[in-house]
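*Asks:* After the structure tokens below, expect a handful of questions from me.
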Amino acid sequence: MLFALFKMIRPVNIVIAMVTLAIGYYLLGVLPLQEMNISWLTLILQALGFAFAIGFANIQNDIWDLETDKLNRPERPLVSGKISVSAAQKVWIILLVLSLLCGLADSLITKTGFTSAIFFVLLDTLLIAYNKKLKHIPLLKNMTVAFLCATPLILCLFYPTGIPETEDLTWTPADKIGFLYPAMMFAFLLTTAREIYKDLEDEIGDLKAGIMTFPLIAGAPTARRLAGFICIFCWALLPLPVVQGFYPTLFLIITGAVITPTLVTIIVFAHKKNYRRAQKLVKVAMFAGLVALVVSG
């Protein structure tokens, strides 16, 4: 049962969220090892907050999507009977409480206001809203998932941090966004494309289950074109942070060399209706973009 729960919380997604959070603070130059601007405790509590939030949301989603998963994902633990619905319900409630407690603890212990506490209340509320309602609204559900992938960077954006070279000034959201928006761009745009490819892959099962997704409403060719356009649009924006002076030319060299052929391959696989491979390559492109920011930042 423990292994089944481990699979249900999607550990890969949790690791991605934690790494994204660390990258966000790194790009701002405020990781503990950089200038001791935020504490290790803050980083750990926020990372755990995301881990618990993602875990509860995925378990809750599997419970509420049980009938659909019987068609699209028969290997999942609830469908295969490896864990009971009642046990899964208890676990997601516990994880939800732990997520909220992490945000509250960070706010109280580090005395940085209630930014973390409010953030995790809003995040967990959005996750529940997505599982309950938003995931049934075509295209909005794809964009909501993409927004959720960018939430670690949003926390970095609004969390109070000081400028490393000074003691009395603080970064404002306007100061921070220039360094963070390229990472947000990768997270939001590429995840939106990936979610459309995911809907294309699940098209038959969704149709049988009566779930209306963007590909089912607009047609598979239109959905493929939209996902491809989003990938191309993201690629076209790559020079922007360099032109604006936030990142050096090295960023453009790395992303151009790695992301360009990856996005071309994604579009080719999607055209051949190999949507699972396209999804995996979108993740590669996103990871490559974040690595380029770290290396060139």
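The values are calculated or read from the model by the stated rules, or taken from the named source; none is laboratory data. All values reported here derive from a predicted model rather than from experimental measurement. Cβ placement follows ideal geometry from the backbone for every residue including glycine, while neighbour counts extend to all protein chains displayed. When the accessible area is computed, the model is the full protein with side chains, heavy atoms only, and any ligands, DNA or RNA have been set aside. Shrake-Rupley method; radii C 1.70, N 1.55, O 1.52, S 1.80 Å.
*Asks:* With respect to residue 191, determine if the residue is open to solvent by less than 30 Å² (accessible area, probe 1.4 Å) and touching an Asp or Glu at 6+ places or on another chain (Cβ under 6 Å). Let's see the steps before the verdict.
*Replies:* Working: open to solvent by less than 30 Å² (accessible area, probe 1.4 Å): yes; touching an Asp or Glu at 6+ places or on another chain (Cβ under 6 Å): no.
Answer is no for this residue.
*Asks:* Of everything in the range 237-252, what is assigned to a helix (DSSP H, G or I), more than 15 Å from residue 27 (Cα to Cα) and open to solvent by less than 70 Å² (accessible area, probe 1.4 Å)? Give them in sequence order.
*Replies:* Within the range 237-252, 252 is the sole residue that qualifies.
*Asks:* Counting only residues that are under 14 Å from residue 52 (Cβ atoms) and within 15 Å of the chain's Cα centre (by Cα), which one in the range 121-153 is surrounded by the most Cβ atoms within 10 Å (Cβ to Cβ)?
*Replies:* To start, the set of residues in the range 121-153 that are under 14 Å from residue 52 (Cβ atoms) comprises 121, 123-124, 127-128, 151-152.
Restricting the remaining residues to those that are within 15 Å of the chain's Cα centre (by Cα) gives 123-124, 127, 151-152.
Numbers: 123: 23, 124: 21, 127: 23, 151: 23, 152: 27.
Here the residue is 152.
*Asks:* Give the residue that is surrounded by the most Cβ atoms within 10 Å (Cβ to Cβ), with candidates limited to residues of the range 28-60 that are in contact with a strand residue (DSSP E or B) (Cβ under 9 Å, 6 or more places away or on another chain) and of a type outside the set (A, V, I, L, M).
*Replies:* Start the filter on the range 28-60 by keeping residues that are in contact with a strand residue (DSSP E or B) (Cβ under 9 Å, 6 or more places away or on another chain), which leaves 30, 35, 37-38, 42.
Checking the rest, the ones that are also of a type outside the set (A, V, I, L, M) come to 35, 37, 42.
Numbers: 35: 15, 37: 18, 42: 22.
Per the criteria, the residue is 42.
*Asks:* Moving on. Among the residues of the range 67-91, what is the count of those that are open to solvent by less than 40 Å² (accessible area, probe 1.4 Å) and over 19 Å from residue 55 (Cβ atoms)?
*Replies:* 2
*Asks:* Can I ask one more? Looking only at the range 84-123, which residues are among the charged types (D, E, K, R) and in contact (Cβ under 8 Å) with a residue 24 or more places away in the chain? Reasoning before the result, please.
*Replies:* If we filter the range 84-123 for residues that are among the charged types (D, E, K, R), which is where we start, we get 90, 106, 111.
Result: 106, single match.
*Asks:* Could you identify the single residue in 18, 36 that is modelled with pLDDT under 80 and aliphatic (A, V, I, L, M)?
*Replies:* Numbers: 18 fails: modelled with pLDDT under 80.
Result: 36 is the single residue among 18, 36 that is modelled with pLDDT under 80 and aliphatic (A, V, I, L, M).
*Asks:* Further question: Do any residues in the range 40-56 that are under 18 Å from residue 93 (Cβ atoms) have Cβ atoms under 7 Å from those of residues that are of a type in the set (Phe, Trp, Tyr) and open to solvent by 20 Å² or more (accessible area, probe 1.4 Å), where the two are at least six apart or on different chains, and which pairs are they?
*Replies:* Note: pairs meeting the criteria are 56/92.
*Asks:* Something else about it: Under 6 Å by Cβ, and 6 or more places apart or on different chains, what pairs join a residue from the range 266-282 that is over 14 Å from residue 190 (Cα atoms) with one that is open to solvent by 70 Å² or more (accessible area, probe 1.4 Å)?
*Replies:* 269/277
*Asks:* Is the range 285-296 home to any residue that is more than 19 Å from the chain's Cα centre (by Cα), buried (at least 18 other Cβ atoms within 10 Å of the Cβ), modelled with pLDDT under 95 and not polar (S, T, N, Q)?
*Replies:* No, the range 285-296 contains no residue that is more than 19 Å from the chain's Cα centre (by Cα), buried (at least 18 other Cβ atoms within 10 Å of the Cβ), modelled with pLDDT under 95 and not polar (S, T, N, Q).
*Asks:* Would you mind telling me which numbered condition in (1) within 20 Å of residue 145 (Cα to Cα); (2) modelled with pLDDT under 95; (3) more than 21 Å from the chain's Cα centre (by Cα); (4) assigned to a helix (DSSP H, G or I) residue 225 fails?
*Replies:* (2)
*Asks:* For the range 196-219, what are the residues that are acidic (Asp, Glu) and open to solvent by 40 Å² or more (accessible area, probe 1.4 Å)? It would help to see each step written out before you state the result.
*Replies:* As a first pass, look at the range 196-219 and keep what is acidic (Asp, Glu): 199, 201-203, 206.
Selection gives 201, 203.
*Asks:* Somewhere in the range 115-126, is a residue on the phi < 0 side of the Ramachandran plot and either assigned to a loop (DSSP other than H, G, I, E, B) or in contact with a Pro (Cβ under 9 Å, 6 or more places away or on another chain) (or both)?
*Replies:* Here is the first cut: in the range 115-126, the ones on the phi < 0 side of the Ramachandran plot are 115-126.
Narrowing further to those that are either assigned to a loop (DSSP other than H, G, I, E, B) or in contact with a Pro (Cβ under 9 Å, 6 or more places away or on another chain) (or both): 115.
There is at least one residue in the range 115-126 that is on the phi < 0 side of the Ramachandran plot and either assigned to a loop (DSSP other than H, G, I, E, B) or in contact with a Pro (Cβ under 9 Å, 6 or more places away or on another chain) (or both).
*Asks:* Could you please give the count of residues in the range 8-27 that are surrounded by 19 or more Cβ atoms within 10 Å (Cβ to Cβ), of a type outside the set (Gly, Ala, Ser) and touching a Cys at 6+ places or on another chain (Cβ under 9 Å)?
*Replies:* Summing the residues that are surrounded by 19 or more Cβ atoms within 10 Å (Cβ to Cβ), of a type outside the set (Gly, Ala, Ser) and touching a Cys at 6+ places or on another chain (Cβ under 9 Å) in the range 8-27 gives 6.
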